[in-house]
Amino acid sequence: MTALMTVLGIVVFAVGLMISIAWHELGHLSTAKLFKIRVPQYMVGFGPTLWSRKKGDTEYGFKAIPLGGYIRMIGMFPPGQDGKITARSTSPWRSMIEDARSAAYEELQPGDETRLFYTRKPWKRVIVMFAGPFMNLIMAVALFLIVFMGFGISMRTTVIGQVSDCVISQADTSKRDTNNPCLPSDPVAPAKTAGFKAGDKFLSFNDKPVKDWSQLSEDIRTGIGPATVVVERDGKQLTLHPTITENTVAKTDSDGNYVDGTVKAGFLGFSPASEIQPLGFTDSFSHMGDLAKQGVDSLLSLPKKIPDLWNAAFNGAPRQSDSPMGVVGAARVGGEVFALQEPAIDRVVTMVMLVAGFNMSLFLFNMLPLLPLDGGHIAGALWEGIRRHTARVFRKPDPGPFDVAKLMPIAYVVAGIFVSFTLLVLIADVVNPVKLSS
């Protein structure tokens, strides 16, 4: 039964992936047609075509390898300086430019002269290229709102879930036995010494009412030394007098959520209980903003994670929980989600969050101002708009369209890096995958 649910989870994630890709390409397609750009192909997947049908100017279809998708637009690049679409060159770099330019006109037909991508105003090209990632952002926002407002998220409360036995530096936590982490030399945790118990609810800290977890966490971290705490236990109020000790603990943000890094701060020694709490509309968008910031941080930190990824793929090193995952790794996690011994609604919510996160990642990744990504074409169109506007202001001749094709050698280098990184992630996902639990 577990194997069947795992396969079902992989299939469900694959379907979510395909819908996300098709939705992305639909953004490009709809805006291209809106601006009268001819689009010969709209395809989901790569490789051999499994099914296709032509409607109007466009062939719609599915291909065998569900790892992406594309639309073909006529005239992505302007002709060369000599006015020709193709030219002969012995230079490999120049050949890349000419091949890219030639491919952009492969299906040129009579009458297409007025339906070329590069002939559209820069702001229209920005809209066409931005529409794809924007569709992923729309899907991510919609799915996150469904989860946050309809189901809720796990939030730390002011109730004690578990009292620690000893004081352990955050840097040493991963080195300890999870079942018996304390050593004889470790000091007893202040919470245990003071008599705190699981289920105690914090009412006040040093005569200050406790409102939520973020406030309580901050009060403890800044309250090194003797403290007076009032808790509710079995319906009665109880006053306890712990001595907050200094320890190396995980960093937190303004909401009390843990982030990368450590800091010296006050330590009481307990884990807060969590509960599922639905969010309001405003709080949902605030939480999405936090997730987007984490996504940007993860994207920027990818180069630093390559050594750990390499060691996990080829040297048998442990795979970090925040290690980059590809489609295969995410699909395996999707399979694990459906195989969990949890209520069906919890598994569905986790899967929806996984697909929403994938769409958020697609948006952020495609907005990088690098060719061949959408963000690279957006950057080229914006630069053209700036050049032309500047020329008008200073009454200089129109510089004409910006020839993005000249950047294709750089695009091939970027694509090569992306492909190499994708292969590394794929190998790690196969031989040493990220797991929900160890």
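Can LEU299 be described as at pLDDT 85 or above, within 30 Å of VAL434 (Cα to Cα) and either surrounded by 17 or more Cβ atoms within 10 Å (Cβ to Cβ) or of a type in the set (S, T, N, Q) (or both)?
Values: at pLDDT 85 or above: yes; within 30 Å of VAL434 (Cα to Cα): yes; either surrounded by 17 or more Cβ atoms within 10 Å (Cβ to Cβ) or of a type in the set (S, T, N, Q) (or both): no.
The answer is no for LEU299.
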Provide a single number: the residues in region 345-401 that are at pLDDT 90 or above, within 30 Å of GLY69 (Cα to Cα) and among the charged types (D, E, K, R).
2
Leading residue by the ranking (most open to solvent (accessible area, probe 1.4 Å)) among those in region 149-172 that are in a strand (DSSP E or B) and of a type in the set (Ser, Thr, Tyr)
SER154
Within region 312-336, track down each residue that is of a type in the set (A, V, I, L, M, F, W, C) and under 18 Å from the mean Cα position of the chain (by Cα).
MET325, VAL327, VAL328, ALA330, ALA331, VAL333
Keeping to region 39-71, report how many residues are charged (D, E, K, R) and buried (at least 19 other Cβ atoms within 10 Å of the Cβ).
1
Kindly list the number of the only condition in (1) among the basic types (Lys, Arg); (2) exposed (fewer than 13 other Cβ atoms within 10 Å of the Cβ); (3) closer than 30 Å to ALA356 by Cβ that fails for LYS251.
(2)
ALA317: open to solvent by less than 60 Å² (accessible area, probe 1.4 Å) and part of a loop (DSSP other than H, G, I, E, B), yes or no?
yes
Among the residues in region 416-438, are any among the aromatic types (Phe, Trp, Tyr), more than 16 Å from PHE77 (Cα to Cα) and in contact (Cβ under 8 Å) with a residue 40 or more places away in the chain?
yes
Tell me which residues, restricted to region 114-136, are β-branched (Val, Ile, Thr) and modelled with pLDDT of 95 or more.
VAL126, ILE127, VAL128
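The values are calculated or read from the model by the stated rules, or taken from the named source; none is laboratory data. All values derive from a computational prediction rather than experimental measurement. Cβ sites come from the backbone with ideal geometry, for glycine too, and all protein chains shown count toward neighbours. Each accessible area value is taken on the protein alone, full model and side chains, heavy atoms only, with ligands, DNA and RNA left out. Shrake-Rupley method; radii C 1.70, N 1.55, O 1.52, S 1.80 Å.
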